[in-house]
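Worksheet for the structure shown next.
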Amino acid sequence: MSHPSDPPRVSQLDRVKQEYTASAREILQRSMRGVARTKLTPDMLTLAGVALCLAGAVLVGFEERNEFLFFWLGGTLFVVGSVADILDGALARAASKGTVFGAFLDSTFDRVGEAAMLAAIGLSLMRDDNEVALLAAFAAVIGSFLVSYTRAKAEAIGLRGDVGFGSRVERVVLISVGLGLAPWGLLQWPIYALAALAWLTVAQRILFVRRQLRDLATS
């Protein structure tokens, strides 16, 4: 019989993810200790990150003029912006500069940058008359929002909702790979993978929350 204080059961794959996520967070926090002594704040990094992601999305929207230039330049800005967005949390922990509003702002702008880039990708796929891939881009947008929502909702009721491999870092990697391959007409494949991974993660989190509730009910 489980006890309310017992940690929820997770799969071996999720344990692996939790371990490398914790290790990466520790490395980032250490790397930001020097920056923590400057006047740079986490909110500045958040705003810079979303601005770069939006600029990258705009550039991708012009890909028909020069696919290599605009896909790769837009992808580069998206990667840099996403890294800045990841580093803001590390800076907040390293400098103890984090605020509740800053965390809220970060979470909100995460969705803005990613959705903007997926919208630009959807525009490119529409120009190619690839309706299936366009639907996959829509599904990826909805799925990415639900991945974040399910975690936030689970934590709001005192449960964990961080399982699955469709979190922001993995989604950024897939989008970046897609932009890198786009000039050769391969953009749709990472988008298919992204949509599938996002929705699989949503299902995993729903089932994980249900399992936790059942464990609490029988404890």
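Bear in mind these aren't lab numbers, they're just calculated from the coordinates by the rules spelled out. The structure presented is a predicted model; accordingly, all values stated were derived computationally and were not measured. For neighbour counting, all protein chains shown are included, and Cβ atoms are generated from backbone atoms with ideal geometry for every residue, glycine included.
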Multiplying the sequence separation of Asp129 and Arg214 by 0.36 nm and subtracting their Cα-Cα distance, what value in nm do you get? 26.0 nm
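Could you list the trypsin sites (Lys or Arg not before Pro) in region 46-139 that lie in coil according to DSSP, counting only those with at most 14 other Cβ atoms within 10 Å of their Cβ?
Values: sites: Arg65, Arg93, Lys97, Arg111, Arg127; in loops: Arg65, Lys97.
Sparse-neighbourhood loop trypsin sites (Lys or Arg not before Pro): Arg65.
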Stretched out fully, how many nm does the piece from Ser107 to Arg15 gain, at 0.36 nm a residue minus the Cα gap? 30.8 nm
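Between the DSSP loop rule and a limit of at most 13 other Cβ atoms within 10 Å, which GluC sites (Glu not before Pro) in region 117-199 are left?
On the way: sites: Glu131, Glu155, Glu170; in loops: none.
Sparse-neighbourhood loop GluC sites (Glu not before Pro): none present.
To the nearest 0.05, how large is the calculated FRET efficiency for Leu186 and Tyr149 if R₀ is 30 Å and r is the Cβ-Cβ distance?
Working: r = 30 Å, r/R0 = 1.00.
Given R0 = 30 Å and the Cβ-Cβ separation, E is 0.50.
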When you count, for each residue, the other Cβ atoms within 10 Å and take the mean per peptide, how do 99-110, 74-85 rank with the highest first? 74-85, 99-110
